[in-house]
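Trainee: Structure provided below as structure tokens; questions to follow.
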Amino acid sequence: MRRLLVANRGEIAVRVLRACRELGIPTVAVYSEADKDALFVHYADEAHCIGPAPASQSYLRIEKVIEIAQAAGADAIHPGYGFLAENPQFAAACEAAGITFVGPSARVLELMGNKVAARLEMRRAGVPVVPGTDGPVRGFEQARVAAAEVGYPVLVKPASGGGGIGMSVAVDERELRSALADSETIAQKAFGSGEVYLERYIPDPRHIEIQVLGDSHGNVIHLGERECSIQRRYQKLIEEAPSTALTPELRARMGAVAVEAARTIGYEGAGTIEFLFHEGEFHFLEMNTRVQVEHPVTEMVTGVDIVKEQLRIAAGEALSLAQDDVRMDGWALECRVNAEDPLADFAPSPGKLTRYRPPGGVGVRVDSGVYEGYTIPPFYDSLIAKLVTWGRDRDEAVARMRRALFEYTIAGSRTNLAFHEAVMQNPRFLRGELDTHFIDKEAGLVVEMRAILQRDDSLAARLPPAGREKARVVAAVAAA
């Protein structure tokens, strides 16, 4: 690779740029006018404006991205995650322009991007899938017959897209009609396709995913699992590696299944096979054909730089390690620090960061794309940073996370720091008893968050100015 363009923004753009700097690869950034002052823009060797503010669609302009890459002499593009990362048209456009797309082929992106097609492919590969329809359902009558065969409760899911967008649960035939209509409408608006299918709804599952790497030489390995069960509106907030639910034998079995799935479809790059885990059984949920937000926890326990592996694979090199070389050492946790108010149903809270002091010390990693004085724009995801801690065991990783959360000072925007602190002292969390409805079940989290905010307020008189500023912000959140 002579020069690489990063077709993304925020912390993941910084993450990729850092890997490139270590590998000696010159970099190019693209940015919308809303991001002209962002950290990644200043970090790259050169940067080009891709579109106006407030257009949130700027990063989706395939022709413009290719045009800038060619003008800048970039022979490779890393898409990060989100935006164009899983867009087969973008991968095909890169190929047509003679530019290396850091990710799987357009064929694989298209295959795994459609959940119905992905389910069928995984079934052929011998991967257990959640009982459901083999194709999209069209109209209430077809859905009614299918739901009776699948068994209630059922989950109505868009065939395209992800992030839980458009999913609806129906416990009986009466609810099915409205769930079907809602999902079709949302799917059409969000993904340009109103196709939906049905799956049996599994109550209170855990969300466990397996990180895989595959190269063009036929090598495929896995890097163990990540537990991603703590979610709000099907979007992850806290992840950890390994999972408290898996035994070494079960980890090996799930890993082998994920490797075979990736091998079957000819996967090249970094990807994730996601499973629902319930009562000792696991079922395929979906495949993310890109680097994941939560990849740092896997890096922390394995020592493998996943982004560097992506770049080497894209350059045609073989994987730098074999399956027998993979070792999981210790425990890692990741808290997604977002500009949002957890006491107001996690509503976004963009604004200027008048104070920003990330934590440090042994076993602490902060992946961020912001800095003090930076204004978080309202047009994109609310992620401020990924706070990651490592410990020799889970207890030490949790203790370090508590300490790091206490040190983290952010003013000018409401954040979910108090939420993360509340979870880190929650008895069920400490016992490792997790599921995807953890937040809904733990009503005491709100009480704990308010107590944490009041604690910070009471410390204000004894803290230096930075701490007092933090206390004023969190006190305002508590009052709201």
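Trainee: Based on the Cβ-Cβ distance from residue 253 to residue 327, what FRET efficiency comes out when R0 is 22 Å, to the nearest 0.05?
Mentor: 0.75
Trainee: Here is a further query. Select from the chain the helices, each a whole stretch of DSSP H, whose alpha-carbon atoms run 18 Å or more along the helix axis and whose Kyte-Doolittle mean is at least -0.5; answer none if there are none.
Mentor: Those that pass (Cα extent of 18 Å or more, hydropathy at least -0.5) are 10-23, 248-264, 444-458, 465-479.
Trainee: Also, quick follow-up: When only DSSP loop residues count, what trypsin sites (Lys or Arg not before Pro) in the stretch 7-101 have their Cβ near at most 16 other Cβ atoms within 10 Å?
Mentor: Numbers: sites: 9, 15, 18, 21, 36, 61, 64; in loops: 9, 36, 61.
Sites meeting the loop and neighbour criteria: 36.
Trainee: State, to one decimal in nm, how far the label point of residue 428 lies from the label point of residue 443, with both points 7 Å from Cα in the Cβ direction.
Mentor: So the label points at residue 428 and residue 443 sit 1.2 nm apart.
Trainee: For the pair residue 317 and residue 18, what calculated FRET efficiency results from E = 1/(1 + (r/R0)^6), where r is the Cβ-Cβ distance and R0 = 25 Å, to the nearest 0.05? All intermediate terms of the calculation are to be shown ahead of the outcome.
Mentor: Values: r = 19 Å, r/R0 = 0.77.
Here the calculated transfer efficiency is 0.80.
Trainee: Separate question: Roughly how many whole Å is it from the C-alpha centroid of the stretch 421-452 to that of the stretch 1-22?
Mentor: 35
Trainee: Okay, next question. List the trypsin sites (Lys or Arg not before Pro) in the stretch 77-176 that DSSP assigns to loop (not H, G, I, E or B) and whose Cβ has at most 14 other Cβ atoms within 10 Å. Which are they?
Mentor: In loop regions of the stretch 77-176 (DSSP not H, G, I, E or B), the sparsely surrounded trypsin sites (Lys or Arg not before Pro) are 138.
Trainee: Moving on. Under a 1.4 Å probe, what is the accessible area of the stretch 337-441 per residue, stated in Å²?
Mentor: 38
Trainee: Sticking with this one: Run the simple label-point estimate for residue 140 and residue 407 please: 7 Å along Cα→C-beta, distance reported in nm.
Mentor: Going from the residue 140 label point to the residue 407 one covers 5.8 nm.
Trainee: While we're on this one: So for the stretch 135-268, taking the charge dipole from beta-carbon charges (+1 Lys/Arg, -1 Asp/Glu), which of 169, 259, 221 sits furthest toward the positive end?
Mentor: Final value for the positive-end residue is 169.
Trainee: State, to one decimal in nm², a quarter of the convex hull surface area for the C-alpha atoms of the stretch 256-330, i.e. the direction-averaged projected area.
Mentor: Projected area, direction-averaged: 5.8 nm².
Trainee: If you don't mind, another one. Which residue, 25, 285, 342, has the largest displacement toward the positive end of the dipole of the chain when charges sit on each Cβ (Lys, Arg +1; Asp, Glu -1)?
Mentor: 342
Trainee: Hey, any idea what % of the chain's accessible area is carbon plus sulfur with a 1.4 Å probe?
Mentor: 50
Trainee: Select from 311, 94, 363 the residue farthest towards the positive end of the dipole of the chain; place +1 on Cβ of Lys and Arg, -1 on Cβ of Asp and Glu, and compute about the Cα centre.
Mentor: 363
Trainee: Ok, one more. Taking the alpha-carbon centroid of each part, what is the distance from the stretch 307-347 to the stretch 230-298 in angstrom?
Mentor: The two parts, judged by their Cα centres, are 12 Å apart.
Trainee: Taking the radius of gyration and the Kirkwood hydrodynamic radius from Cα positions alone, what is the Rg/Rh ratio for the stretch 221-301, to two decimal places?
Mentor: 0.93
Trainee: What is the magnitude of the charge dipole of the stretch 372-447 about its Cα centre, with +1 placed on the Cβ of each Lys and Arg, -1 on the Cβ of each Asp and Glu, and no other charges, expressed in debye to the nearest 20?
Mentor: 120
Trainee: For residue 36 and residue 149 in the same chain, what is the full-extension length gain: residue separation times 0.36 nm, less their Cα-Cα distance, in nm?
Mentor: Going from the current span to full extension adds 35.3 nm.
Trainee: May I have the pair-distance distribution P(r) for the stretch 1-51, computed from all Cα-Cα distances with 10 Å bins from 0 and rounded to whole percent?
Mentor: Percent of Cα pairs in each bin: 30, 58, 12.
Trainee: With every protein chain left in place, what is the accessible area per residue of the stretch 121-239 in square angstrom, probe 1.4 Å?
Mentor: Averaged over the residues of the stretch 121-239, the accessible area is 40 Å².
Trainee: Once the Cα atoms of the stretch 104-227 are picked out, what are the Rg and Dmax in Å?
Mentor: So, for the stretch 104-227, Rg and Dmax equal 15.8, 52 Å respectively.
Trainee: Hey, another quick one. With +1 on each Lys and Arg Cβ and -1 on each Asp and Glu Cβ, and nothing else charged, work out how big the dipole of the stretch 280-371 is about its Cα centre, in Debye to the nearest 20.
Mentor: In total the dipole reaches around 560 debye.
Trainee: Two decimals, Cα atoms only, Kirkwood Rh: what is Rg/Rh over the stretch 81-145? Walk me through the numbers before you get to the answer.
Mentor: Working: Rg = 15.5 Å, Rh = 13.9 Å.
Ratio value, two decimals: 1.12.
Trainee: Taking loop as defined by DSSP and a crowding limit of 12 other beta carbons within 10 Å, which GluC sites (Glu not before Pro) in the stretch 317-385 fit?
Mentor: Filter output for the stretch 317-385: empty list.
Trainee: Okay, moving on. Mind checking the dipole of the stretch 1-137: about its Cα centre, +1 per Lys or Arg Cβ, -1 per Asp or Glu Cβ, Debye to the nearest 20?
Mentor: In debye, rounded to 20, the stretch 1-137 gives about 360.
Trainee: Expressed as a fraction of 2.2 N^0.38 Å, the rule-of-thumb size for a compact globular protein of N residues, what is the C-alpha radius of gyration of the stretch 18-110?
Mentor: That ratio works out to 1.05.
Trainee: Another question, if that's okay. How would the chain be classified by its alpha-carbon gyration tensor: rounded, prolate or oblate, with rounded meaning a/c under 1.5 and the a/b versus b/c comparison settling the rest?
Mentor: It is rounded, given that a/c, with a ≥ b ≥ c, falls under 1.5.
Trainee: Where in the stretch 281-311 does the label zone of residue 125 land, with the point 7 angstrom along Cα→C-beta and an amide N cut-off under 13 Å?
Mentor: 284-290
Trainee: Next question. At 222 nm, what helix-only mean residue ellipticity would the chain give, in deg cm²/dmol to the nearest 500, using -39500 (n - 2.57) for each DSSP H run of four or more?
Mentor: Computed ellipticity for the chain at 222 nm equals -11500 deg cm²/dmol.
Trainee: Further question on the same structure: Give me the three principal axis extents of the stretch 340-438 from the C-alpha atoms, as integers in angstrom, largest value leading.
Mentor: For the stretch 340-438, the Cα spread along each principal axis is 37, 32, 18 Å.
The values are calculated or read from the model by the stated rules, or taken from the named source; none is laboratory data. What you see is a predicted model; the values in this text were computed from it and never measured. Note: ideal-geometry Cβ built from the backbone for every residue, glycine included; neighbour counts use all protein chains shown. These area figures cover heavy atoms from the full protein model, side chains too; ligands, DNA and RNA do not enter into them. Shrake-Rupley method; radii C 1.70, N 1.55, O 1.52, S 1.80 Å.
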